[in-house]
Each structure stands twice: as C-alpha cells, then as structure tokens.
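Have a look at the structure below before the remarks.
The values are calculated or read from the model by the stated rules, or taken from the named source; none is laboratory data. Source: prediction; values computed, not measured. Reconstructed Cβ throughout: ideal geometry from the backbone, glycine too, with neighbour counts over all protein chains shown.
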Amino acid sequence: MTKPGPSARVGERKIEVPKGLCIKCEGCKEIVYKSDVERNSSVCPRCQHHFRIGSRQWLELLVDRDSFQETDARLRPLDPLGFKDSKGYPERLHAAKKATGLEDAVLTGTATIGGHPVVIGIMEFFFMGGSMASVVGERIARAIDHALASRRPMILVSCTGGARMQEGVLSLMQMAKTSAALARLGRAGVPYISFLADPTTGGVTASYAMLGDINIAEPKALIGFAGPRVIQDTIRQELPPGFQRAEFLQEHGFVDLIVDRRKLRELLTRLLAFFADGRG
C-alpha cells in the first residue's frame, strides 16, 4: 500500500500526495512527476537535466535487446589493506552489492548495437560512487583485451567519483593498467569510444575516460580530475563560468561531442557503421 507523502491544499481541501509520486529536479529545481522522468529516459521533461542512472538502465538504452552477455562476473573485490573508516571495507562492499545487485562498480560484456558487435563496459555510480578499484580496473583491462582479440570496437561509459580510497595505491595502479591496454588496442587499429556521464572525475578521468578515439559527453556533465573548489583554492583564482562542465571541455578541445542520452544509441550505431566500413 502506498504511504502518504507531503500534503497540499487546493482551496480548502487538503490532498495527500503519495510518497514517491514526485521528485525535485536538480537542474530546474521544479517538482516533476517521477513517472514522466522515467518515461523520458530519466531526463527532466522541463529542463532536460540528465538524472544519474545505473548500469542496467544504460544497457537498456544502448544495446540491442537480449544481446548483452556479461563477462568476468565472478571477479570480486577483497580487502587487501584491512581498511576501516566509520565502517569496514567489507561492510561497505556488502551494502553496495545489496543496493545494486553487482559485485563491483562496473559491468562488462559483449553486445550488439544496431547489429554491430561491440565490447562494452558501464560504470555503476550507485556502487560506492562508481569508484575504480582493483576489480574495476581488471574487468576493464580484460574487456579491452577481449576487444583486441575479437577486433570488436570498445565502448566505455564512465560515471565515477574516481579511484577508491579503500584500496589505496592498488586503485591508482588501475590507471596505468587500463591505459596500457588501450594503447595496445589503438596500435591494432581497433576503435574505442568513450562516453562521459555526470560525473566523471579523479583517476578515471586521468586514464581511460579521456583516451577515446572519440570522447562523447552528456550535457552539463561534470568532468575533471580535481574538484573545482580544490583547484580554485590551489591557484587562488576565480574559475571561468562553466568550468569542468562538458560544454566548457568541448570548447577547449577535450570532448568531441555532447549528446543527449536519448540520441546516443543512434549516434553509436552510425559511428560503428562508419568504423565497420573503414575496416572493410
């Protein structure tokens, strides 16, 4: 049974609004029907703000129906440092797995997009902020190696706060591992398309997220290494308007295209057809 939510007055009548019926848009700050947002691929129907979505929803948006086959699903993170803050690392992993149904913050596998075979990796922001750690880096490196062996284009969707502090330098090592794998892919002439969702930050931005043959971003996505407040405090200068947003990065040559997620599958299909013709 739906629980009552906030009440509203219409004339003299008090109306109970069912809980979960409406949500507040982070872009326009307006209250919108949740069902309208969900039907619109989690994009605000008023201001076109792109809400964050999980890896499974990305799959539904991008790949052909029933074409996805997950790889390396058995890889699970350990606790190499015995890390503990207010909670132990295993406890945080357990909570993230329960919330997402995933073993770690990336989903990798093979699929087709518009009939074109690809290897795809999608980061899961709702698993510890989409943070990159040992298993995330290993899965992505293996996916890139599979793309190299099968000569399928590689597609990565990044949505992340950066490297995972609970694994320390082992997380940072994944930057070099994934970048080296992409270098091998590039030398072999296999295409790599990188899509940057909001946010894409930290060590992921400093490695595989920005190494695409084509780098595509969501509208107004936050993209950067250090946060804007850290940079401003370090250089002691006012940052320009829109700093670290997708539009700013495109203007300065770091991003090739900015694409509404509702049009991304169509664009990927065209790009994959172009690459296929080029290889043929």
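Here is how the numbers come out for the structure above:
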| read-out | value |
| --- | --- |
| Flag for Gly114 being surrounded by fewer than 24 Cβ atoms within 10 Å (Cβ to Cβ), under 18 Å from Phe195 (Cβ atoms) and either in contact (Cβ under 8 Å) with a residue 40 or more places away in the chain or over 14 Å from the mean Cα position of the chain (by Cα) (or both) | yes |
| Unique match (being within 15 Å of the chain's Cα centre (by Cα) and part of a helix (DSSP H, G or I)) among Val136, Val157 | Val136 |
| Any hit, region 218-234, residues being within 20 Å of Leu102 (Cα to Cα), out of contact with any His (no Cβ under 8 Å at 6 or more places or on another chain) and of a type in the set (S, T, N, Q) | no |
| Residue within region 121-132 that is over 30 Å from Ala147 (Cβ atoms) and either assigned by TED's automatic domain parsing to the domain that holds Leu185 or touching a residue at least 40 places away in the same chain (Cβ under 8 Å) (or both) present | no |
| Some residue of region 232-247 being at pLDDT 95 or above and surrounded by fewer than 17 Cβ atoms within 10 Å (Cβ to Cβ) | yes |
| Index of the failed condition, Asp72 passing every other in (1) out of contact with any helix residue (DSSP H, G or I) (no Cβ under 6 Å at 6 or more places or on another chain); (2) of a type outside the set (S, T, N, Q); (3) assigned to a loop (DSSP other than H, G, I, E, B) | (1) |
| Given (1) of a type in the set (Asp, Glu); (2) part of a loop (DSSP other than H, G, I, E, B); (3) touching a Lys or Arg at 6+ places or on another chain (Cβ under 8 Å), number of the condition Glu238 does not satisfy | (3) |
| Residue, farthest from Leu268 (Cα to Cα), within region 196-255, restricted to residues that are among the basic types (Lys, Arg) and touching a strand residue (DSSP E or B) at 6+ places or on another chain (Cβ under 7 Å) | Arg245 |
| Condition check for Gly242: under 20 Å from the mean Cα position of the chain (by Cα) and assigned by TED's automatic domain parsing to the domain that holds Met123 | no |
| Residue in region 28-40 that is closer than 26 Å to Gly129 by Cβ and in contact (Cβ under 8 Å) with a residue 60 or more places away in the chain present | yes |
| Contacts under 8 angstrom Cβ, first residue in region 58-70 being in contact (Cβ under 8 Å) with a residue 24 or more places away in the chain and at negative phi, partner in a loop (DSSP other than H, G, I, E, B) and of a type in the set (Phe, Trp, Tyr), 6 or more apart | Leu59/Phe68 |
| Only one of Val259, Val190 that is touching a strand residue (DSSP E or B) at 6+ places or on another chain (Cβ under 6 Å), modelled with pLDDT of 95 or more and of a type in the set (Val, Ile, Thr) | Val259 |
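Table: residues versus (1) assigned by TED's automatic domain parsing to the domain that holds Ile258; (2) in contact with a strand residue (DSSP E or B) (Cβ under 7 Å, 6 or more places away or on another chain); (3) not in a loop (DSSP other than H, G, I, E, B).
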| residue | (1), (2), (3) |
| --- | --- |
| Ser86 | yes, no, no |
| His94 | yes, no, yes |
| Ala111 | yes, yes, yes |
| Gly168 | yes, no, yes |
| Leu172 | yes, yes, yes |
| Lys177 | yes, no, yes |
